[in-house]
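J.: Before I ask anything, here is the structure I am working with.
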């Protein structure tokens, strides 16, 4: 047995030396060379081997078929002397065993390289555990992301911040999240900027500051973030965190129109940017340098999820919205409760209560509440008597806020004298706004007005042009 062991050792030694000489003659990165260097502990080779194993596993490739003829010959010489399958740590004898092709094997080699501080291997491991198709392993991902963040990897620092915000793989901590977002952003990572802006604006993990929020929203907007660009329109318009600058507000509005595939006016109104931003800015002005409870929006979003899920979850949504209302009479919460009372979601239907809540939200200039009140009185139903004068009142409130969302309804009221003296010229102007935006219904009405001279001088040519576009 001793003789066989000595023969095996001698044969292994001669074979590996011979293979080293072959690699000098053929220096290109053969799989044999990578495998041998990986076994010898070279981090770059371990990473390359892991990468090739991962690719082979994904594409059903056998790397052992790619061995050089010389390596295959050595395998033939050595195999008779190997009586038991050696372990990976046994040394050079592993070199004469087949390369195992599996994701698990790739991970083992990535870890060997990562533990030698190989950056790319650490990134691969972080990415794998974070995005694992079998379900993310946030704790393992956190381990590697943290090591990358310690090396001043700006992307990893931002990712670490997000994990602390979400409590993914680590206990939720907004202050630590702010620390990592700031480190990342100061290195120029624009992905961290909107998170920082949000934290300053909502006083989460840091003292609230409209000025700091504006600074980071602007950096994010300049990097192309659509939400931040909307914030620029409002913050410049009302001087939130900066001086009033209507030129800059108009610049960002036009940039959104030119670069984003959205209906600006609809999105701006539907998401109630002005009132939401002014609401939180006012909070910062009233309570400067104070941290606020971040659980409000967590609970609000949870209630929204329950409300939209249906299947009996509406009752729990109604309970959460009422809990939030006791702490904060925000227009968002009031509108949600009003809608639930109106439709009988999670509670008994109560139109009186619904209108009461819509009206309280409307006092905060909530566009959706104003619009709903206008629609209720315009249409009327078994609970609400039709009242064009009241509908006009609420629609006009929207117009006074510079919002066009009620323009079609106002056009109809002025055209037909509903709750107001008939005024075709004024009606035409309301319809024209939406027609210019490409609204099909408004275009049909405008074509009709041009054809018969209603509210505008008769213009058959324009009428035909519009009809041609509409194919009517």
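Read-outs throughout are calculated quantities, based only on the coordinates presented, and are distinct from any laboratory measurement. This is a predicted model, so every value here is computed, not measured. Neighbour counts are summed over all protein chains in view; Cβ atoms, including those assigned to glycine, are modelled from backbone coordinates with ideal geometry.
J.: With the crude spin-label approximation of a point 7 Å out along Cα→Cβ, what separation in nm comes out for residue 311 versus residue 246?
T.: Inter-label distance under the simple model: 5.2 nm.
J.: Please report how far the C-alpha centroid of segment 322-390 lies from that of segment 147-200, rounded to the nearest whole angstrom.
T.: With segment 322-390 and segment 147-200 each reduced to a Cα centre, they are spaced 39 Å.
J.: So, R0 is 25 Å and r is the distance between the beta-carbons of residue 137 and residue 222; what FRET efficiency does that work out to, to 0.05?
T.: About 0.10, to the nearest 0.05.
J.: Let me ask something else. Taking 25 Å as R0, compute the FRET efficiency from the Cβ-Cβ separation of residue 108 and residue 150 and round it to 0.05.
T.: The formula returns an efficiency of 0.60 here.
J.: Still on this structure: Please compute the length gained on full extension between residue 282 and residue 172, using 0.36 nm multiplied by the number of residues separating them and subtracting their Cα-Cα distance.
T.: Going from the current span to full extension adds 36.9 nm.
J.: Based on the mean of other beta carbon atoms within 10 Å per residue, what is the order of 320-328, 337-345, 308-316, most packed first?
T.: 337-345, 320-328, 308-316
J.: If you don't mind, another one. Report the full-extension gain for the segment residue 416 to residue 120: residue separation times 0.36 nm, less the Cα-Cα distance, to one decimal in nm.
T.: This chain segment gains 99.6 nm when fully extended.
J.: Which order do the peptides 219-232, 413-426 come out in when sorted by mean C-beta neighbours inside 10 angstrom, highest first?
T.: Packing proxy ranking, top to bottom: 219-232, 413-426.
J.: Full extension from residue 264 to residue 343: what is 0.36 nm times the residue separation minus their Cα-Cα distance, to one decimal in nm?
T.: The span from residue 264 to residue 343 would gain 25.5 nm if fully extended.
J.: In what sequence, highest mean first, do 278-286, 45-53 appear when ranked by Cβ atoms within 10 angstrom?
T.: Taking the mean over residues of other Cβ atoms within 10 Å, the ranking is 45-53, 278-286.
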